[in-house]
Amino acid sequence: MQKNKDYEFICNAKEKYPQLSHASNIITKYNSTLTAEEERALTILIPEYAKYLGKMLDLTTYDKKSIEMKVDYLNNYYNFMHTEKLDKAFSSQGKFRPTILEEFLFLIFRNFVEEIKKESDEQDVLDSGAVKAYSNIYFKAKNLTDFIKSPEIGVNEKDQDYAIYRTFDISVNNADPMQIRIPAIAIEAKTYIDKTMLDSIIATAEKIKSGNPHTRFIAVAERYDVSLSVDPAYSRIDQIYVLRKSMRKSEWIDVDKNVVWRMFNESLTHLKRPWSDIRTRIEEDGVII
């Protein structure tokens, strides 16, 4: 395929923002061996995606109106792909369509994270995007003698589709430090959630929140396909947001602006409220947990 200004714009945006997972997917496919159907799909899609991405990056505020505008842009892009049947041109193993939602999460939180980083004296420790998030550490040694003299630590991590996280360096016995990434917000992003996916998300929530109980762990899905008799409230998932307010087999419905705004606003409320500052929480809200 011949490179053009739209493709170059996508590449430049990806270089500036490595977290753009859908852009990365498009670039990877662009530079791979394509079938005739895939080449046709990319030829049609790239100009539309460049227009969508440009509009998203041009919005630098995160009030309700701005978030609603970003949802409009997202729906236009989704609807273009759906109408042209472009998402069916690529195999599901390539995660082409799922990366749209993963990237959208980065795009709506981007300005808030950048603002917080500018206000901080330690700008490099906070970041956002897909990440291997810390769940727990464990000690390891070859034998008892090794355990006494020079134990090592290992770190268990869980892949998160999107997180706002801080990087820490940890070490034991003056060993070289290891980096761990603790999320303040951890998000599982899914095209739809079925029972198997829900069980996996519940297990991940348990592990992530055991490593940091102050993490807000949520799932964001376009559709929900789990029996209504199953109640996730008994898990450590803080919330599940169903963006199209529909079950998996429902008709095509736009992503709902109010659901996205609620998800975004409730996430910011969590980030801005006191966590383990019990005195402040009692004095301001009269609640502890």
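The values are calculated or read from the model by the stated rules, or taken from the named source; none is laboratory data. None of the values given here were measured: they were computed from a predicted structure. Here the Cβ is made from the backbone with ideal geometry for all residues, glycine too, and neighbour counts use every protein chain on show. Keep in mind that these areas ignore ligands, DNA and RNA; they rest on the heavy atoms of the full protein, side chains included. Shrake-Rupley method; radii C 1.70, N 1.55, O 1.52, S 1.80 Å.
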Yes/no for Lys64 being at pLDDT below 90 and open to solvent by 80 Å² or more (accessible area, probe 1.4 Å) | no
Extreme residue, surrounded by the most Cβ atoms within 10 Å (Cβ to Cβ), among residues of region 183-205 that are acidic (Asp, Glu) and within 20 Å of Lys95 (Cα to Cα) | Glu188
When you go through (1) part of a helix (DSSP H, G or I); (2) without any contact (Cβ under 8 Å) to a residue 60 or more places away in the chain; (3) not polar (S, T, N, Q) one by one for Glu103, which number turns out not to apply?
-> (2)
Failed condition for Lys158, given (1) at pLDDT below 90; (2) under 24 Å from Pro98 (Cα atoms), with all others met?
-> (1)
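Collect the residues in region 206-231 that are aliphatic (A, V, I, L, M) and surrounded by fewer than 19 Cβ atoms within 10 Å (Cβ to Cβ), keeping them in residue-number order.
First, the residues of region 206-231 that are aliphatic (A, V, I, L, M): 208, 218-221, 226, 228, 230.
The answer is Leu228, Val230.
Sort through Asp277, Asp256 and tell me the only one that's of a type in the set (Asp, Glu), open to solvent by 20 Å² or more (accessible area, probe 1.4 Å) and within 21 Å of the chain's Cα centre (by Cα). Can you show your working first?
Numbers: Asp277 fails: within 21 Å of the chain's Cα centre (by Cα).
Going through Asp277, Asp256 in turn, just one is of a type in the set (Asp, Glu), open to solvent by 20 Å² or more (accessible area, probe 1.4 Å) and within 21 Å of the chain's Cα centre (by Cα): Asp256.
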Could you list, in sequence order, the residues of region 164-182 that are touching an Asp or Glu at 6+ places or on another chain (Cβ under 7 Å) and either among the basic types (Lys, Arg) or open to solvent by 90 Å² or more (accessible area, probe 1.4 Å) (or both)?
-> Gln179
Kindly establish whether Leu53 is over 28 Å from Ile182 (Cα atoms) and either touching a Pro at 6+ places or on another chain (Cβ under 8 Å) or among the aliphatic types (A, V, I, L, M) (or both).
-> yes
Do you know which residues across region 140-149 are exposed (fewer than 13 other Cβ atoms within 10 Å of the Cβ) and either among the polar types (S, T, N, Q) or under 37 Å from the mean Cα position of the chain (by Cα) (or both)?
-> Lys140, Asn143, Thr145
